[in-house]
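Structure first, then comments.
The values are calculated or read from the model by the stated rules, or taken from the named source; none is laboratory data. Since we're looking at a predicted model, the values are computed, not measured. Every residue, glycine among them, receives a Cβ derived from its backbone with ideal geometry; neighbour counts consider all protein chains shown. These accessible areas exclude ligands, DNA and RNA; they are computed on the full protein's heavy atoms, side chains included. Shrake-Rupley method; radii C 1.70, N 1.55, O 1.52, S 1.80 Å.
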Amino acid sequence: MPMNIAIDGPVGAGKSSIADAVAERLGILHLDTGAMYRAVALYMLRRGIDPQDEAAVSAACEGAGVAVRYEDGRQRTLLCGEDVTDALRTGEVSAAASAVSKWPAVRARMVRAQRELAGTADMLIDGRDIGTNVLTDAPVKIYLTATAEERARRRCLQLREKGTDTPYEQVLRELNARDEQDMRRKTDPLRQAEDAVLVDSTGMTPEQVVERIARIVEDVYGR
Ligand code: DC
């Protein structure tokens, strides 16, 4: 059985960068499932399909072939064979990803692909429903969160580093809107699995969070 570690949590909890660091430390792959929903969102945007239109998205998602591959241990996300990794981080794609991920037809396709991938290699998988739905038997489940204010502050810093200054109030508002959409959707909403360990990273450095999660994994897997 491959080693499977599930990390779920809200937007801006630092899941991606923390998961990257923990996976590297353990010498396993990191599957960022959010990137897969982002690729579906990009597909809809490119075709002018409204991400909020369930019927249109559900019909069109049949054509959205999403795959991942690894280059030097780093995930690249493919849409119909095209590497779209660098096009997935815009605000427009973020909002559309949160919307398309509400629809059961989209989720069914992504969940199937994620289960297949998780069966092929030792992986740390991050998302919203990994511990509660995709891999309910994962031996290690982490729920990584932080207060909305702290997550918005971190996001502002990240955006500033990228050269896009966005007002804190706007970032906080968008973050709360995505939290709301991710937690309130009917199909597999974001929530902490009963057997997940809660890691609240408010006030912790990234190094401390990585250390804490690596310890939790070591306790279970002995490495
Ligand atoms: O982690 P992220 O911000 O890249 O995720 C983008 C969107 O995809 C997010 O708003 C919720 C959705 N998502 C999901 O519903 N289930 C997952 N396992 C991962 C992401």
The residue from L172, L190 that alone is open to solvent by less than 50 Å² (accessible area, probe 1.4 Å) and touching a strand residue (DSSP E or B) at 6+ places or on another chain (Cβ under 8 Å) is L190
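When residues of the range 198-215 are filtered for being β-branched (V, I, T) and surrounded by fewer than 17 Cβ atoms within 10 Å (Cβ to Cβ), how many remain?
Within the range 198-215, residues that are β-branched (V, I, T) and surrounded by fewer than 17 Cβ atoms within 10 Å (Cβ to Cβ) number 2.
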Among residues of the range 86-135 being under 13 Å from the mean Cα position of the chain (by Cα), closer than 23 Å to E62 by Cβ and polar (S, T, N, Q), the residue farthest from the ligand (Cβ to nearest atom) is Q114
Matching residues in the range 142-170 (at pLDDT 95 or above and β-branched (V, I, T)) number 3
Sole miss for D122 among (1) open to solvent by 10 Å² or more (accessible area, probe 1.4 Å); (2) out of contact with any strand residue (DSSP E or B) (no Cβ under 6 Å at 6 or more places or on another chain); (3) of a type outside the set (F, W, Y); (4) closer than 17 Å to A67 by Cβ is condition (4)
The range 108-223: helices (runs of 4 or more DSSP H) wholly inside it with 1 or more residues that are within 19 Å of S94 (Cα to Cα) are 148-161, 168-184
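Quick one: how many residues across the range 185-223 are basic (K, R), in contact (Cβ under 8 Å) with a residue 12 or more places away in the chain and farther than 15 Å from G14 by Cα?
4
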Answer yes if at least one residue in the range 138-147 is more than 15 Å from the ligand (Cβ to nearest atom), touching a residue at least 12 places away in the same chain (Cβ under 8 Å), on the phi < 0 side of the Ramachandran plot and not hydrophobic (A, V, I, L, M, F, W, C), and no otherwise.
yes
